Amino acid sequence: MYKSLRPLIFLNDPEQAHHATINLLALGGSLALGRAVIRAMFPVQHNGPEVKAFGLTFPNPLGMAAGYDKEGTAWRGLACLGFGHIEVGTVTPLAQPGNPKPRVFRLVEDEAVINRMGFPGNGAEPMLRHLNQPKPKGLVLGVNIGKNKSTPLESAAEDYVTLVRAFAEKADYLAVNISSPNTPGLRTLQQRAALEALLNPVAAERSAQVKALHKPVPVLVKLAPDLSDEELDSALETIQSLGMDGVIIGNTTLRRDGLVSSKSFEEGGLSGKPLNDLNTDKIKKVFARTGGTLPIVASGGVMCTADAQRKLDAGAVLVQLYTGLIYEGPGLVCNIINTGLK
């Protein structure tokens, strides 16, 4: 059904279509009848396999990547599609408009998307209210955190510490986003000295929250797929030495290799099918460099069950998707789970 409706959906501006979908999921997820209807439309028949990672138990390996439910309004509806975990955000401490529109572009011929959103959102306080809802049984909820555009890079740690303090209680895990290409200078925080200066206070605040809340607060770091091998090694050494719990590999890419769409010149981060092989190769490198001691969440280019399985085979413990939903529809989630991952 989705494939027949997709041409009509694609007549709409990508960001407008996304907001309409989010609003429908938010409405459906807020009502018991709505949640039942979504589950009936997209039935999960063979959930699993269960995954244990960074102290948490996931009902299956498949998750919703950050960037889809930016405000944390639709996560209860998304959960009904069959996701084992959902990562909301990226959230910043204060509200900000993001970059000028248009800022999202479909590259249909490439089954890809370019976005230069720039962390638009209403800030931490509204999201906290949205997360103050009953959580579906078994669902793992992550919160992806980032700095405000107006915050100087040398003060970035203050934003991240503020968000760790704000969301430690509500989130099952936190993801430190330092890899979006759409906030000026953000990716420089992946360099060793800057990363140490950022993660040291994050680790200290995490420890304080663990003590105060009497619960674990896993912190993952989301890295860019465009890091060189040397940059990747340096980042991984820092992440491990400071006791972070895992990495998300990765974010969108600035590469444009092999694209055929006329919109491939647009600035921003590329996601979707063209990112798949690059992402899988990066997972293999991270797994080899860490000897499998650092949990890897794969995020990049999953369009079908085989894509997800290849990332697990490469060393990931969990897999996330986003752009695949745009091209394959919401049934992609239960299709992957019902086909089976191992």
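Throughout, read-outs are computed from the coordinates displayed, never taken from laboratory work. All values derive from a computational prediction rather than experimental measurement. Every residue, glycine as well, gets a Cβ built from its backbone with ideal geometry; the counts of neighbours run over all protein chains shown.
Here are the numbers for this structure:
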| item | result |
| --- | --- |
| Cα centroid separation, region 141-171 to region 268-342 (Å) | 26 Å |
| Contour excess over end-to-end distance, with Cα ends at Asp281 and Glu267 and 0.36 nm allotted per residue | 2.6 nm |
| Radius, Kirkwood style, for region 2-339 when every pair of distinct Cα atoms is counted (Å) | 19.8 Å |
| Efficiency of FRET between Ala193 and Ser150 - r from beta-carbon atoms, R0 22 angstrom, step 0.05 | 0.45 |
| For Ile248, distant residues with modelled amide H under 5 Å away | Val221, Lys222, Leu223, Val297 |
| Highest-first arrangement of 220-231, 120-131, where packing means the average Cβ count within 10 Å | 220-231, 120-131 |
| Inter-site label distance for Asn338 and Lys101 at 7 Å from Cα along Cβ, in nm | 3.6 nm |
| Theoretical gain in end-to-end length, Asn23 to Asp233 [0.36 nm per residue, Cα-Cα removed] | 71.5 nm |
| The chain - mean residue ellipticity at 222 nm from DSSP helices (-39,500 (n - 2.57) per run, n ≥ 4, rounded to 500) | -12000 deg cm²/dmol |
| Taking region 254-342 and dividing mean pair separation by its residue count, relative contact order in percent (alpha carbons under 8 Å, at least six apart) | 26 percent |
| The chain: relative contact order in percent, alpha carbon pairs under 8 Å with at least 6 residues between | 18 percent |
| The chain - charge dipole about Cα centre, Lys and Arg +1 at Cβ, Asp and Glu -1, debye rounded to 20 | 840 debye |
| Gyration tensor (alpha-carbon) shape descriptor, region 54-198, a/c threshold 1.5 | oblate |
| Nearest-0.05 FRET efficiency for Thr293 and Glu50, computed from C-beta distance (R0 25 Å) | 0.75 |
| Fraction of beta bridges assigned by DSSP in the chain that are antiparallel (%, nearest 5) | 30 percent |
| Kirkwood hydrodynamic radius over Cα pairs of region 1-61, then Stokes diffusion coefficient at 20 °C and 1.002 mPa s, in µm²/s | 149 µm²/s |
